[in-house]
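**Student:** Okay, handing you the structure first.
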Amino acid sequence: SAAGSAPPPLLLLLLACAGLPAAGKPEAGDVGAAEGLSGRAAYVARFGACKDQLSLAALANRPQLPPTHPRGGCDYGSLPGYWNSTSRTPGATWRVLTRGCETLNLLPLHKRQASRACPDGPPAPPKLVLLLGDSVDREFTQDVAKYLGLDLIKCRRLRIIQPDCGDVVFATIHLYGVSPVRPWHYGIEDPYMSILPEALEYDWRGEFSLPDPDMVVINSNMWDLSRAWQLSQANLTKDWDQRVLPSEFVADWVKNATDLVDFVRGIFPNSVLGWHTIAPGAHNHDATGTMRHMSIGKRSFSVQLNAAGRMIAQRMGLILVDYEALVAGFHDWSYLKDNHHPTDKVQLEVANLYLNLVQQLPLVPPTSGSCPPTAN
């Protein structure tokens, strides 16, 4: 189904049979609808007031984002690389191999800039990187904040690392899947078409007056796989019993993910957009590669959606950060902190890739995985 359109009649019937309400229908937990509130009042009544304060000194007088971005530079997040066995320094472990696009370890500099006392006079405005994703991105911001020794500011749907005087500020807003219709993850009530405008209006801009981000990176593969599991539990699909996801499921996912990217592009027309893959979760050593966390299916499911995501990134001109490529060849327990979340070591290498990508703005790689200009 297209984003914003009504669910097809057949899906409405199936959802009703499964006891799952159709998209847009309020539930008992919807405080705003129950009390007849609307707008910001309903949003605050439902999710509560923000208790944390955000230091905005570093974001003052930030210039407008350029309306266009020239193509060039390096696609650090998807170029071939390897793990450097001689270094345990965060940011210096994953090395891009492509000549002329070697990654710099920007994490130590980022840490010094983010943790120092702000100098006298207006500081240089930092770049803003917003991650629209699931618990992989939530864990990312937690790991980076811990490494930097900075507070993680929480405001309803928004998580943002306290800017201080850093060069880059990371933030995340939770998405619960690319599908415009239910079910989403564990009874979540809202599609992204509601979540993003509300979080932007009432949290990002309304609570903290934040400008549009320089870069927005998207992924919700964990939630999308969980949705497929919920459909199977309701006996609405047999996809879960297959060794690979059916082509029809993947094609529908690609359509919905493409609609999501278009939706985000409409919200942030001047921001550089990106996509990331996920690191496949821990799986049982059986013939089907069943995940130990049952609700994310089989290892092949993650590989399929990652491949489809790479195709979307290339087709739509998105920056790509490829978690799967970073951990390829390793046993799952060497790169996971639990059944499906990457360790802080992996997350900090990804953070360094983001820093390298942001450093070259306004240059944006021509297409994901493309070769850089020949070095002189």
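The values are calculated or read from the model by the stated rules, or taken from the named source; none is laboratory data. Just so you know, these numbers come straight off a predicted model, no measurement behind them. FYI the Cβ positions are ideal-geometry reconstructions off the backbone, even for glycines, and counts take in every protein chain you see. Surface accessibility is based on the protein's heavy atoms, side chains included, excluding ligands, DNA and RNA. Shrake-Rupley method; radii C 1.70, N 1.55, O 1.52, S 1.80 Å.
**Student:** Here are Glu207, Glu198: which of them is over 21 Å from the mean Cα position of the chain (by Cα), open to solvent by 50 Å² or more (accessible area, probe 1.4 Å) and modelled with pLDDT of 85 or more?
**Tutor:** That would be Glu207, the only listed residue that is over 21 Å from the mean Cα position of the chain (by Cα), open to solvent by 50 Å² or more (accessible area, probe 1.4 Å) and modelled with pLDDT of 85 or more.
**Student:** On to the next question. For the range 215-261, what are the residues that are open to solvent by less than 10 Å² (accessible area, probe 1.4 Å) and modelled with pLDDT under 75?
**Tutor:** Selection gives Ser226, Ala228.
**Student:** Can you say whether Asp212 is among the charged types (D, E, K, R) and open to solvent by less than 10 Å² (accessible area, probe 1.4 Å), as far as the supplied structure shows?
**Tutor:** Here the answer is no, as Asp212 does not meet what is asked.
**Student:** Check the range 46-61 and report whether any residue there is open to solvent by less than 60 Å² (accessible area, probe 1.4 Å) and either among the β-branched types (Val, Ile, Thr) or on the phi > 0 side of the Ramachandran plot (or both).
**Tutor:** Within the range 46-61, one or more residues are open to solvent by less than 60 Å² (accessible area, probe 1.4 Å) and either among the β-branched types (Val, Ile, Thr) or on the phi > 0 side of the Ramachandran plot (or both).
**Student:** For the range 134-184, what are the residues that are in a loop (DSSP other than H, G, I, E, B), surrounded by 22 or more Cβ atoms within 10 Å (Cβ to Cβ) and among the small types (Gly, Ala, Ser)?
**Tutor:** Residues satisfying the conditions are Gly166, Gly177, Ser179.
**Student:** A follow-up question, please. Which of the residues spanning the range 289-308 are part of a helix (DSSP H, G or I) and modelled with pLDDT under 85?
**Tutor:** Within the range 289-308, Met294, Ser295, Ile296, Arg299, Ser300, Phe301, Ser302 meet the criteria.
**Student:** For the range 325-357, enumerate the residues that are at pLDDT 80 or above and open to solvent by 10 Å² or more (accessible area, probe 1.4 Å).
**Tutor:** Across the range 325-357, the qualifying residues are Ala325, Ala328, Thr343, Asp344, Lys345, Leu348.
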